[in-house]
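Report on the structure given below.
Each reported figure results from applying straightforward, stated rules to the coordinates on display, with no laboratory input. Small disclaimer: the values here were computed from a predicted structure and weren't measured. Neighbour counts run over all protein chains shown; Cβ positions are idealised from the backbone, glycine included.
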Amino acid sequence: MRFRFVRSAVALMLAATALHVLAQDFPNRAITMVMPYAAGGPGDTITRVFAGAMQKHLGQQIVVDNTAGASGSIGTAKVARARPDGYTLLMIHVSHATNVAMYKGLPYHPVDDFEPIGRATSGPMVIVTRNDFSARNLNEFVAYVKANGPKVSLAHAGVGSASHLCGLMMMNALNVKLNEIPYKGTGPALNDLMGGQVDILCDQTSGTVPSVKGGKIKAYASAGKARLPQLPEVPAITEAGVEGFDINISFGLYAPKGTPKPVLDQLTSALQKSVTDPEVRQRLEGMGISAVSVDQARPEALRNHLKNEIDTLGGLLIKAGVKPN
Ligand code: MLT
């Protein structure tokens, strides 16, 4: 018994030493940043902005890995299982909070199995449709959706995703049930919207503003109380008397539980340099997205934000009648 205890203590000490030695020359090879939604979507766009900025500060390439599916939980589980050495990171948003309420057999816990590095962005959402949608303005859009409910298809990126939460708010606010079409990300959803295969999408501006400005899709309303500076001609949904919309999507960066503190500190420092980088701020602002402050790009700010979302959004989904898988 005593021998086994000594043996496991030695093993633990060796493992801790190995990780500490690893931390001393981190990073000495490319880093993988997992984005658990499909390429071409708003999350992918934001991830690539930060991968490009952070690799400059870390001195090693950051490769974006789109492991999509099951509302982001497949890619997230991949990071939870990864070696805690700082070479596998997760960039994720609200679904890190909602999945714990939506999937009974989730193979990880969003708080216990991850180390927060810091918040990266926050940004609004916009309601868009295929280009030949008949409504001539927001009031006609609201009337059409209310009158045609289940005949209207609503694309989203899976239960608990940002686009799903916004779609839920729309259905609750208009007291209507739409025909939900889930995708592995709103990148593929946007392709179908542009092709006319699906009617409506509520998406983050980092995925939609370029397509609206390019005349490929129509924007009817910003999903909140204020108009978007990038789309000043598009009304806020509240201008049609529609209440209950107050959604803002924030992305944050995580590492697997057990990643050595010196490694986490280096990653937080690179993230903080990126959120203050004028080029990063300008690129994001062009898409209607805000980089957070240096204070928000810290582990405790992300930890608090995640716990708040877990406490508030899981219940919203259950109240909206969403059945956990
Ligand atoms: C979502 O939550 O809708 C996702 O962020 C969409 C995406 O990034 O593809």
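Using the reciprocal of the averaged 1/r over all distinct C-alpha pairs, how large is the Kirkwood radius of segment 124-248 in Å?
13.9
Tilt of helix 299-319 relative to the longest C-alpha principal axis of the chain, in degrees (0 to 90, nearest 10)?
Rounded to the nearest ten degrees, it is 50.
How much length, in nm to one decimal, is gained on full extension between Thr17 and His57, taken as 0.36 nm per residue of separation minus their Cα-Cα distance?
Using 0.36 nm per residue and subtracting the Cα-Cα distance, I get 11.8 nm.
Can you list the residues, at least 5 places off or on another chain, whose amide H is less than 5 Å from the amide H of Ala120, using H built in the peptide plane?
Distant-sequence amide H within range of Ala120: Phe251, Gly252, Leu253.
Could you list which residues have their amide H under 5 Å from that of Glu180, counting only those 5 or more apart in sequence or on another chain, with H placed in the peptide plane?
Close amide H contacts, sequence-distant or interchain: Leu154.
Would you check segment 212-325 for Lys pairs whose C-alpha atoms are within less than 27 Å, ignoring same-chain pairs closer than 8 in sequence, and give me the count?
Close lysine pairs under the 27 Å cut-off: 11.
How far, in nm, would the chain grow between Glu239 and Asn308 when pulled straight, counting 0.36 nm per residue and subtracting the alpha carbon separation?
Stretched fully, the Glu239-Asn308 segment lengthens by 22.0 nm.
Calculate one ³J(HN,Hα) per residue across segment 39-45 by plugging θ = phi - 60° into the Karplus curve 6.51 cos²θ - 1.76 cosθ + 1.60, and present them in order as whole Hz with x for glycine and proline.
For segment 39-45, the Karplus curve yields 4, x, x, x, x, 5, 4 Hz.
Largest first and in whole Å, what are the equivalent-ellipsoid semi-axes of the chain based on the Cα gyration tensor, each being the root of 5 times an eigenvalue?
For the chain, the ellipsoid semi-axes come out as 38, 21, 15 Å.
Using amide H atoms built 1.01 Å from N in the peptide plane, name the residues 5+ places from Leu89, or on other chains, whose amide H lies under 5 Å from its own.
Residues meeting the amide H criterion: Thr32, Met33, Val34.
Just to check I understand the Karplus step: with θ = phi - 60° and J = 6.51 cos²θ - 1.76 cosθ + 1.60, what whole-Hz values come out for segment 79-94, glycine and proline as x?
So the J values, rounded to whole Hz, are 6, 4, 8, 5, 4, x, 10, x, 9, 10, 10, 10, 10, 8, 10, 4.
Output the antiparallel fraction of DSSP beta bridges having both residues in segment 124-248, as a percent to the nearest 5.
Given both bridge residues lie in segment 124-248, the antiparallel proportion sits at roughly 60 percent.
In debye to the nearest 20, how big a dipole does the chain give about its Cα centre with +1 on each Lys and Arg Cβ and -1 on each Asp and Glu Cβ?
In debye, rounded to 20, the chain gives about 720.
Assign one of three labels to segment 225-325, namely rounded, prolate or oblate, based on the Cα gyration tensor with a ≥ b ≥ c the square roots of its eigenvalues; rounded applies when a/c is under 1.5, prolate when it is not and a/b is larger than b/c, and oblate otherwise.
Judged from the Cα gyration tensor, segment 225-325 comes out oblate (a/c at least 1.5, b/c at or above a/b).
Counting only helical runs of four or more DSSP H residues, what would the 222 nm mean residue ellipticity of the chain come to if each run contributes -39,500 (n - 2.57) and the total is spread over all its residues?
Rounded to the nearest 500, the figure is -14000 deg cm²/dmol.
Using packing as a proxy for protection, rank 4-12, 248-256, 168-176 so that the peptide with the highest average count of other Cβ atoms within 10 Å comes first.
So the peptides 4-12, 248-256, 168-176, ranked by packing, come out 248-256, 168-176, 4-12.
Please give the charge dipole size of segment 124-248, origin at the Cα centre, charges +1 on K and R Cβ atoms and -1 on D and E Cβ atoms. Round to the nearest 20 debye.
For segment 124-248, the charge dipole is close to 140 debye.
Please list, in order along segment 127-141, the HN-Hα scalar couplings obtained from phi with the Karplus expression 6.51 cos²θ - 1.76 cosθ + 1.60 (θ = phi - 60°), rounded to whole Hz, x for Gly and Pro.
The phi angles translate into 8, 10, 9, 4, 5, 9, 4, 6, 4, 8, 7, 5, 4, 5, 4 Hz.
Rounded to the nearest 5, what is the percent of antiparallel bridges among the DSSP beta bridges in the chain?
Taking every DSSP beta bridge within the chain, about 65 percent pair in antiparallel fashion.
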